[in-house]
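Read-outs: derived from the displayed coordinates by stated rules, not from any lab. Keep in mind that this is a model prediction, so the values were computed, not measured. Neighbour counts are summed over all protein chains in view; Cβ atoms, including those assigned to glycine, are modelled from backbone coordinates with ideal geometry.
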Amino acid sequence: MSKFESSIKHIPYPQTAVYAMLSDLSNLEKVRDKLPEDKIKDLSFDRDSLSISAPMGSVAMKIVEREEPKCIKFATTNSPIAANLWIQVVPEGDEACKMRLTIKADINPFIKGMVSKPLQEGLEKIADVLAMIPYNS
């Protein structure tokens, strides 16, 4: 398994608000119009799963574990590669928090060199988008 981590994103909203929004994916409907269309293509979701078009193909993920208020774990249900994603949310005082995304992916060593950079860049873009959401909606 290969591991990729986003940079730490500082979010000016309480940990509980960020966790509440991200742990129920149907909340994305509230902020759909605020998501950058150039970075988010063909997004569809329900409470526990989401799908999106990515440069390497369609990706669908499902929440497999919620650890309130600090971690949400996803697993791919449709993807060119098997992967797990964690969203970790840690408090920074009462009114702010930090977030980091981690992906562990089962990548064939022969293609790792080709997909590592796009996967890391994609993870960073997802983290950027999540950090821009107004969590008081």
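Observations on the structure shown:
- Relative to the longest principal axis of the Cα atoms of the chain, the long axis of helix 109-132 lies at roughly 20 degrees.
- Net charge over other residues, Cβ less than 14 angstrom from the Cβ of VAL64 (K, R count +1; D, E count -1): +2
- Less than 5 angstrom separates the built amide H of ILE8 from none of the residues sequence-distant by 5 or more or on a different chain.
- Amide H to amide H distances under 5 Å link GLU92 with GLN15, CYS97, LYS98, where only residues 5 or more positions off or on other chains count and H is placed in the peptide plane.
- Modelled spin labels at GLU95 and ILE8, positioned 7 Å past Cα toward Cβ, are 2.1 nm from each other.
- Applying 0.36 nm per residue to the separation of ASP33 and ASN78 and subtracting their alpha-carbon distance, the gain on full extension is 13.7 nm.
- SER79 long-range amide H proximity, modeled H, under 5 Å: ALA60
- Our summary gives the chain a relative contact order of 33 percent, counting only alpha carbon pairs under 8 angstrom and 6 or more residues apart.
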